[in-house]
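Trainee: Got a structure for you, questions after.
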Amino acid sequence: MAAFLQNPLNVFALGVLGLLGMGIYGLLITRNMIKMVAVLQILVKSAVLALVLAGKAGGNINLGQSLAATVIVSDTIVAVIGLALGVQIQRRFGTADLKEIATLKG
Amino acid sequence: MAAILILAIIGLPWLGAVCVWLVGDQRPRTQHYLAAGFSIAAGLAALVLLLFVSAETVIRIPAGNFFGDLTFVPDGLGAFLAAVATIVGCLAVIFSIDYMRGEEQLGRYYSFILFFIGAMAGLVLTSSLLFLFVFWEITALTSYALISFYNDDPKAVAGGIKALIITQVGGVGMLAGALAAYANTGSYEIGIFLEKAHTLPAATLSVIAFGFLIAAAAKSAQTPFHTWLPDAMEAPTPVSALIHAATMVNAGVYVLARFYPAFEDVPGWRTAVILVGSISALLAALMALVANDLKRVLAYSTISQLGYMVYAIGVGGVFASQFHLLSHSVFKALLFLAAGAVIHSVGTRDMRQMGGLGKDMPFTRSVFIIGGLALAGLPILNGFWSKELVLEAGLVDGPVWAFGLMVFVAGLTAFYTYRMTSMVFGGSSPAERHIHDAGQAMKASLGLLAIGTLTTWLLAGPFGQMLSTSLPAHQLHAVGTWVVVEEVVTAPATLLALGVIALGLAAWQWRKHLAGLGRLLGGFGQLATDGFGFESLNRGIVNATLKAADTIRPLQTGLLNWNVVGILGGLVVVLAWLAWSTGIGR
């Protein structure tokens, strides 16, 4: 185990998995629209970390970093739009609870 | 040169579509003339292309590894059908100048017609299976949009959606065939596919052959997919003439003819094609006997004549089928446009409310009778020569029962054509009314098509020459026009068919004496009026789909969390499949 942690790449990989697990778990249990956006951010951060890690492991660190920067930018837009939708939903339905606003129920 | 012409034939109508749309509906006059100008230019380009027929790939546009190259080959089959599409197209547009005068939203109308003309030309000229599919779907889309042109009429909207859904079934067959061909030959090129077809595994070739047969049957409105065509008659009449009589419905026959060398040895394929063609011809002719809507009678007769072409391919008469396609395009466009002129002045499509129109519309009556005689297959109009060629091919190479059926259908055709003509133009007018004959633009297109109906059979020789030199895989041998004429005149099939046609005409003439027979067949007539139950088959499929949708509906909870579970589940499956297929973890 100690030998496994000696390699910094492995530590980062654990970090990626940890963030991914947290994000997915959050997506599964969160009922609040605003919290959903926050959880999504955690999930995307795991992807950013994975990109940097893949760049380092593959010997193409520049590519990994530029892709990570791209993801950060596009992810900001996702967050902004998600929050704006959350605000609109709060205003229209009077709640941000996903169960209350499930109008697509079959 | 051929490359420029092909680009012009496809590009000019598409450019025209954009221009007409940009001009805006405030200037209908400009729209009329722009549309006519662009379509006439495309028609002229297609005529010139006939001089440059070859089997060479003249345009090759790389579209990436995945899609293969976008290629165009101006061979005889493609160039001839492109000429039919653009010339009948420009005549339909000219006709529309009178027919659509004063209508709203002309931009939408002309844009879709021009878009269709370009796509139809692309469909027949491309030699890439994938782009054949793409053009195929564009024609389906424009057909849908034009059937539903009067979009405040629920019947028109329903007819359009029905046509779209049924032709999509065919589209799936086409795509499946194209992908199977690509997977086995590594290329989308039709020429390469035709060469390598005999080296493919038999099962794969069967899948491709029957996939294409389904595609062709759906597009050409053959049994059991024929139900969309009569409902498509809600479209403006020039659209019916162009798309649902002269061009798009021929795409199915074109595909069968194009791939005939690859599929002829597939076990059961030719029999299936003969069955589809002859049954469609018979059922549609029976339904035409009892229909009272003028455009529906013409739609049924289109299905029936397409049945002849499909049957001709089934018995190996590729030339006969394409020759009949040419004749049918011309005389059926003529009949439809003449019917359009009638409907435009009378204001109804019900033949029972017409009658006695011959005196009020002498020009329309004359050209309609020319078209009707060609449809019935009487000498010396183009329909006679091509239908006899089809029947002769059937007698020589096909099963006897199918030949007998087709001769019988020829008699039925004469019967319903005579019935239709006499109901519309004969007899006395039911009430006082103010009728005007067709306008100038209408007369111009009708006149040209009537001349075509009288003369296109003279092209048999050059047409055969063009097909045989540019289609090496089909192994056609060219003969001169007079050889064809001699062949037809001396063939025993001709006399037999003419006899049956005369019987059909006589049966309507002396229908009063046959009243007893009519009563005897009354129940059968009701069956034909109901469309032989194919409509309830459609309804059954629709109801089953709706019921299935209703059953699985509760699966949609509307909760984001459950959707995330679904996405994760999918991800796990994909990862597991990747791990298994790459050998990790084994």
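Trainee: Could you rank the peptides B:48-55, B:159-166 by their average count of other C-beta atoms within 10 Å per residue, with the highest value first?
Mentor: B:159-166, B:48-55
Trainee: Determine the shape class of chain B: with a ≥ b ≥ c the square roots of the Cα gyration tensor eigenvalues, call it rounded for a/c under 1.5, and otherwise prolate if a/b is greater than b/c, oblate otherwise.
Mentor: Note, shape of chain B comes out rounded.
Trainee: Calculate for the protein assembly as shown the 222 nm mean residue ellipticity that helices alone would give, adding -39,500 (n - 2.57) per DSSP H run of length 4 or more and normalising by residue count, nearest 500 deg cm²/dmol.
Mentor: -25000 deg cm²/dmol
Trainee: Now a separate question. Through the Karplus equation 6.51 cos²θ - 1.76 cosθ + 1.60, θ set to phi - 60°, convert the phi angles of the stretch A:57-66 into ³J(HN,Hα) values in whole Hz; use x for Gly and Pro.
Mentor: 5, x, x, 10, 4, 4, 4, x, 5, 5
Trainee: Sticking with this structure for a sec: Using r as the Cβ-Cβ distance of B:Leu448 and B:Asp350, and R0 as 35 Å, what FRET efficiency do you calculate, to the nearest 0.05?
Mentor: Efficiency for this residue pair is about 0.75.
Trainee: Between B:Glu104 and B:Asp437, what is the label-to-label distance in nm when each label sits 7 Å out along the Cα-to-Cβ direction?
Mentor: 3.4
Trainee: Okay, next question. Just want the ordering: B:Val157, B:Val276, from fewest to most Cβ atoms lying within 10 Å of their own Cβ.
Mentor: So the residues, fewest neighbours to most, are B:Val157, B:Val276.
Trainee: Would you order B:Cys19, B:Cys90 from fewest to most other beta-carbon atoms within 10 Å of each residue's own beta-carbon?
Mentor: By the 10 Å Cβ count, ascending, the order reads B:Cys19, B:Cys90.
Trainee: Just tell me which aspartates and glutamates come within less than 12 Å, Cα to Cα, of B:Lys295; anything on the same chain fewer than 8 places away is out.
Mentor: Those aspartates and glutamates meeting the cut-off are B:Asp231, B:Glu234, B:Asp350.
Trainee: For B:Thr551 paired with A:Asn62, estimate the spin-label separation in nm (one decimal), with each label point 7 Å from Cα along the Cα-to-Cβ line.
Mentor: Between B:Thr551 and A:Asn62, the label points sit 5.9 nm apart.
Trainee: Would you please give the FRET efficiency between A:Thr103 and B:Thr30, computed as 1/(1 + (r/R0)^6) with r the Cβ-Cβ distance and R0 = 45 Å, to the nearest 0.05?
Mentor: 0.45
Trainee: Let me ask something else. Taking the Cα centroid of the stretch B:349-388 and of the stretch B:130-198, what is the distance between the two, rounded to the nearest whole Å?
Mentor: The stretch B:349-388 and the stretch B:130-198 have Cα centres spaced 33 Å from each other.
Trainee: Skipping prolines and chain starts, which residues have an amide H placed within reach, meaning under 5 Å, of the one on B:Glu189, given they are 5 or more residues away or on another chain?
Mentor: B:Leu129
Trainee: Shape verdict for the protein assembly as shown, please, from the Cα gyration tensor: rounded (a/c under 1.5), prolate (a/b greater than b/c) or oblate.
Mentor: Because a/c hits 1.5 or more and a/b exceeds b/c, the protein assembly as shown counts as prolate.
Trainee: Which whole-angstrom value gives the distance between the alpha carbon centres of the stretch B:289-347 and the stretch B:431-490?
Mentor: 14
Trainee: Once fully extended, how much extra length lies between B:Trp562 and B:Asp153, figured as 0.36 nm per residue of separation less the alpha-carbon to alpha-carbon distance?
Mentor: Stretched out fully, the B:Trp562 to B:Asp153 stretch lengthens by 143.1 nm.
Trainee: Okay, next question. Suppose R0 equals 35 Å. What FRET efficiency, 1/(1 + (r/R0)^6) with r the Cβ-Cβ distance, do B:Val573 and B:Ile161 give to the nearest 0.05?
Mentor: 0.55
Trainee: Work out how much length B:Glu56 to B:Leu15 would gain on full extension: take 0.36 nm times their residue separation and subtract the Cα-Cα distance, in nm to one decimal.
Mentor: Length gained between B:Glu56 and B:Leu15: 12.1 nm.
Trainee: For B:Ile9, B:Ile243, what's the fewest-to-most ordering of other Cβ within 10 Å of each Cβ?
Mentor: Listed from fewest to most nearby Cβ atoms, that is B:Ile243, B:Ile9.
Trainee: With +1 on each Lys and Arg Cβ and -1 on each Asp and Glu Cβ, how big is the dipole of the stretch B:1-129 about its Cα centre, in debye rounded to the nearest 20?
Mentor: Taking the Cα centre of the stretch B:1-129 as origin, the dipole is about 200 debye.
Any read-out appearing in this document is the output of simple, stated calculations on the displayed coordinates, not a laboratory observation. Nothing here was measured: the structure is a model prediction, and the numbers come from that model. Cβ atoms come from the backbone with ideal geometry, glycine included; neighbour counts cover every protein chain shown.
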